[in-house]
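Report on the following structure.
The values are calculated or read from the model by the stated rules, or taken from the named source; none is laboratory data. What you see is a predicted model; the values in this text were computed from it and never measured. All Cβ positions, glycine included, derive from the backbone under ideal geometry; neighbour counts span all protein chains shown.
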Amino acid sequence: MTTLPSPSPAGTGLAVQVDVAVIGAGQAGLSAGYHLQRRGLTPGRGYVILDASPGPGGAWRERWPSLTLNTVNRVHDLPGLPFTDVVGTQAGEVQASLAVPAYFAEYEQRYRLPVYRPVRVALVTPHGARLRVEADRVTLSARGIINATGTWDAPYIPPYPGAERFRGRTLHTRDYRTAQAFAGQHVVVIGGGISAVQLLDEISRVTDTTWVTRTPPVFRDGPFGEEAGRAAVRLVEDRVRAGLPPNSVVSVTGLPVTPAVQAMRARGVLRRQEMFSEITEDGVRWPDGRTLRADVLLWCTGFRSALDHLAPLMLRGEDGGIVMTGRLATQAARDPRVHLVGYGPSASTIGANRAGAAAAAELLEFLKRP
């Protein structure tokens, strides 16, 4: 971690001038920093990385304890340092919230990346030919930015009639810690993604559950090959190039039929119900009048991209999405000085690596123009 420069007193101008400010030090931000450095930018002067977390690891630091390297989606190597070189090859049962931050910490130190933390960026605003990056502890002036803030800070719970009346607990995936916390309670797990299935599996072992999804879940038998992966990425990329909000990964790839899913089927846990229409004081109600008493509503309904700090740049279109361009769709069409990595087709660990390299190359090429 790099010592944070002292911010200038209010009203005295910008504290620091850099060529590129990277916002976020997760997989995408670290990859971008690595490639900026490889392309000749001086750490701390040519570029900086601002991270809101108190330590390395980003959102991985907050994942629930039962999420291990065996159950998490694959963590791909950052450029230049294999994951197994840090965590070993027999670390399957190690908590992801410990292993990934350890890997990121080693990566930051090995490549001397200029990560400043904890620094939470509040706003990015136009400032003549440059961009003004206003954070809680410092203000920067940058010629361009690579935004890598991910989604963890923007959990999404869709609005439903009666939500404010519910007397039980309403939680989101990011609030989950252990299944034992729900012992003796009826939990409605809402959502059709991988996290929903994983948490349903754990909670159903200790208490009664009901699984509800908006659309019927699609399970994927057999391996998910490289060509299928490329096709899935293309579908998401087509949406962001058209300025539409990106879809979830599962909506494109489907749910893998793992041994855990097969065991859940055998236990009768995967009896999915259609989405309810209303939340009541003590549960939920369906359109046909059926009701269910519930103590907990656990919304595994995903996240949105954490981009509120970019609002002054007016990047969004009428459909709520951002028109993306560039080789890997990382460049904001409305302001080519801004690249988004970990957004849309790059919202995966392998996609983030490739996007970090592309964003660094394309942004520096753009900044060379007169």
Flag for Val119 being buried (at least 16 other Cβ atoms within 10 Å of the Cβ) and in a loop (DSSP other than H, G, I, E, B): yes
Qualifying residues in segment 15-39 (those that are farther than 18 Å from Leu307 by Cα and touching a Ser or Thr at 6+ places or on another chain (Cβ under 8 Å)) - the one modelled with the highest pLDDT: Val18
Condition met for Glu237 (among the charged types (D, E, K, R) and at pLDDT below 95): yes
Some residue of segment 253-276 being more than 19 Å from the chain's Cα centre (by Cα) and closer than 27 Å to Gly26 by Cα: yes
Unique residue being in the same structural domain as His309 (by TED's automatic domain parsing) and modelled with pLDDT under 95 when the list is Thr2, Thr42: Thr42
Meets criteria (under 28 Å from Ala135 (Cα atoms) and hydroxyl-bearing (Ser, Thr, Tyr)) for Thr71: no
Test: residue in segment 160-183 that is touching a helix residue (DSSP H, G or I) at 6+ places or on another chain (Cβ under 7 Å), in a strand (DSSP E or B) and either at pLDDT below 95 or crowded, with 18+ Cβ neighbours inside 10 Å (or both): no
Any pair with Cβ under 9 angstrom, 6 or more apart, that starts in segment 24-50 at a residue that is in a helix (DSSP H, G or I) and ends at one that is of a type in the set (D, E, K, R): Gly29/Asp51; Leu30/Glu108; Ser31/Arg354; Gly33/Glu108; Leu36/Asp19; Gln37/Arg112
Residues satisfying the stated conditions in segment 76-113, i.e. surrounded by fewer than 16 Cβ atoms within 10 Å (Cβ to Cβ), of a type in the set (S, T, N, Q) and part of a helix (DSSP H, G or I): Thr84, Gln109
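Which of the residues belonging to segment 273-296 are of a type outside the set (A, V, I, L, M) and touching a His at 6+ places or on another chain (Cβ under 9 Å)? Before the answer, list the steps.
Within segment 273-296, the subset of a type outside the set (A, V, I, L, M) is 273-274, 276-278, 280-283, 285-291, 293, 295.
Result: Gly283, Arg293, Asp295.
Mind checking which residues of segment 122-158 are assigned to a loop (DSSP other than H, G, I, E, B) and either within 19 Å of the chain's Cα centre (by Cα) or of a type in the set (A, V, I, L, M) (or both)?
Hits for segment 122-158 are Ala129, Val138, Ala148, Thr149, Gly150, Thr151, Trp152, Asp153, Ala154, Tyr156, Ile157, Pro158.
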